[in-house]
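Data block below; observations after.
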Amino acid sequence: MSKIQNVTDAIVQQGMLPLYFNADETVTIEVLRAIYKAGIKAVEYTSRGETALSNFTKMVEVRNAEMPGLLLGIGTIKNLQQAQEYLAVGADFFISPGFVPEVATFLKSKEVLYSPGCMTPTEIIAAENAGVKFIKLFPGNMLGPDFLSGIKDIFPNLRFMPTGGVDTTAENIGGWFKAGVSAVGMGSKLISKQLMADKDYATIESETKKVLALIHSITK
């Protein structure tokens, strides 16, 4: 099985992709442990601060030591240099807020999954023509399930995942899956800044378990 297919399968099987960033290395690692215990097999860490690269490097180290089967993706990739740096330290897949052609070309040459953020049919077509198969609909709360329902038939070979404003409710998640998504990206609605500030890892674990169970009940 290809690396791209392996990552795709992991995200689709769990039906969600949790994503977060914290400047503190210890908090970053403890959140990772919490969601792994909850059953997560693929996670996105967002490159949104000066400590992101060093924190991600530590995540790879800890994953290799104690979290078999966990795939570590990096998000908020906006240029080729970032992609090269994170690939060098062991990122398994890459996510962008927008479509970056040179990143798509580079990662395709390395046979690594790249999921760019798109919000128009033009952007989705550009990504598809560059070999992308997994589209991040961003920002999800601005687009909504109706957007996907309206365009999905013209992109039969693509998978879609909304990120941004996806809520943890059955109504919101169910609406997205009914529209045809393969997974939902779950950020601050799941791993909130407050929970991380409180170092409430038990709640992060239990809430992640709840959302995984909810998605399983919707998609089974």
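The values are calculated or read from the model by the stated rules, or taken from the named source; none is laboratory data. These numbers were taken from a predicted model, which means no experiment stands behind them. Glycine gets a Cβ as well: all are built from the backbone with ideal geometry, and neighbour counts include every protein chain shown. When the accessible area is computed, the model is the full protein with side chains, heavy atoms only, and any ligands, DNA or RNA have been set aside. Shrake-Rupley method; radii C 1.70, N 1.55, O 1.52, S 1.80 Å.
Structure data summary
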| read-out | value |
| --- | --- |
| Whole-percent carbon and sulfur share, accessible surface of the chain, 1.4 Å | 50 percent |
| Interchain or long-range residues, amide H under 5 Å from Met16's placed H | Val184 |
| In Hz, Karplus ³J(HN,Hα) per residue of the stretch 135-143 (6.51, -1.76, 1.60; θ = phi - 60°; x = Gly, Pro) | 9, 8, 7, 9, x, x, 5, 7, 7 |
| Under 5 Å, built H, 5+ apart or other chain: amide partners of Ile95 | Ile74, Gly75, Thr76, Ile77, Ser115 |
| The stretch 1-93: GluC sites (Glu not before Pro) in DSSP coil with no more than 12 other Cβ atoms inside 10 Å | Glu50 |
| Order of exposure, largest accessible area first, which applies to Arg33, Arg63, Arg48 with probe 1.4 Å | Arg48, Arg33, Arg63 |
| All aspartates and glutamates inside 16 Å of Lys110 as judged from Cα atoms, apart from same-chain residues fewer than 8 positions distant | Glu85, Asp92, Glu102 |
| Ratio of the Cα radius of gyration of the stretch 96-185 to 2.2 N^0.38 Å, where N counts its residues | 1.04 |
| Highest-fluctuation residue, Pro101, Pro116, Pro162 considered, GNM on the chain with Cα pairs under 10 Å | Pro101 |
| Among [x] 11.0; [y] 12.1; [z] 15.9, the entry derived from the coordinates for mean projected area of the Cα convex hull in nm² | [x] |
| Using θ = phi - 60° and Karplus 6.51 cos²θ - 1.76 cosθ + 1.60, couplings along the stretch 61-69 (whole Hz; Gly, Pro as x) | 4, 5, 4, 4, 7, 9, 10, x, x |
| P(r) of the stretch 10-64 over all Cα-Cα pairs, binned every 5 Å from zero, in whole percent | 4, 20, 31, 25, 14, 5, 0 |
| Residue-normalised accessible area of the stretch 3-85, given per residue in Å² at a 1.4 Å probe | 41 Å² |
| Cut-off under 5 Å, modelled amide H: who pairs with Ile135 long-range | Arg159, Phe160, Met161 |
| Cα extents of the stretch 35-166 along the three principal axes, largest first (Å) | 44, 33, 26 |
